[in-house]
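Student: Input: one structure, supplied below.
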Amino acid sequence: MKKLVAVCIIGLSLGAAGAFAEHPDGWGLGIVGRGGYGGSGPNLSLKAPSLPIYWGIGLGIWEGAFSMGVSGDYYIIDTALVPDINLDWYFGVGGYVSLGISDGFGLALGARVPLGLSWEFLEHFELFGNIFAGLGIGISPLYFPDWKGGGELGIRYWL
């Protein structure tokens, strides 16, 4: 177990040493399909040039319930995996707020961790996918834990 932890720390350290922002600097707008525990549905993706946060705004539908949510991720590592074809990988930390409506009203917030791949093709397009895990707290009604997890697949256009 100690060896596994050491390998992970060394790997993250080496990755962080080369963590240069591989994404373009302009506005990024995209559409995303999301699925997993905590809801599935369409999302919009937004990246403003002045903020290092990748925003997601989405709708979720599961077991007769409806939800709306906002997430924001900061990429700790965002670096080339295969530079010759513009394939990058990223690892980040972020947060979410979700509002759910089913038999009652629900509000939750928490932290999330995305790990993904990003492929920039043509001149302004990016295809990306990630898996994510999230843990939060329900505010209304009060409960813990609020688990999230799943995957996202999207396309983004850089202005």
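The values are calculated or read from the model by the stated rules, or taken from the named source; none is laboratory data. Everything numeric in this text was worked out from a predicted model, so none of it was measured. We place every Cβ from the backbone using ideal geometry, glycine too, and count neighbours over all the protein chains shown.
Student: Of the conditions (1) among the aliphatic types (A, V, I, L, M); (2) at pLDDT 95 or above; (3) over 17 Å from residue 155 (Cα atoms), residue 1 fails just one. Which one is it?
Tutor: Here residue 1 clears every test but (2).
Student: While we're looking at this one, here's another question. May I ask you to list the residues in the range 45-71 that are within 23 Å of residue 105 (Cβ to Cβ) and at pLDDT 95 or above?
Tutor: Of everything in the range 45-71, those that are within 23 Å of residue 105 (Cβ to Cβ) and at pLDDT 95 or above turn out to be 56, 57, 70, 71.
Student: How many residues does the range 72-98 contain that are hydroxyl-bearing (Ser, Thr, Tyr), under 17 Å from residue 111 (Cβ atoms) and at pLDDT 95 or above?
Tutor: The qualifying residues number 4.
Student: Would you list the strands (runs of 3 or more DSSP E) that sit entirely within the range 29-98 and hold 1 or more residues that are touching a helix residue (DSSP H, G or I) at 6+ places or on another chain (Cβ under 6 Å)?
Tutor: Qualifying strands (runs of 3 or more DSSP E): 65-82.
Student: Another question about this same structure. Looking at residue 109, is it in contact with a Phe, Trp or Tyr (Cβ under 7 Å, 6 or more places away or on another chain) and either surrounded by 15 or more Cβ atoms within 10 Å (Cβ to Cβ) or modelled with pLDDT under 95 (or both)?
Tutor: Against the criterion (in contact with a Phe, Trp or Tyr (Cβ under 7 Å, 6 or more places away or on another chain) and either surrounded by 15 or more Cβ atoms within 10 Å (Cβ to Cβ) or modelled with pLDDT under 95 (or both)), residue 109 qualifies.
Student: Ok, one more. Just to verify a result, which residue in the range 59-81, among those that are closer than 18 Å to residue 44 by Cβ and surrounded by fewer than 15 Cβ atoms within 10 Å (Cβ to Cβ), is farthest from the chain's Cα centre (by Cα)?
Tutor: 66
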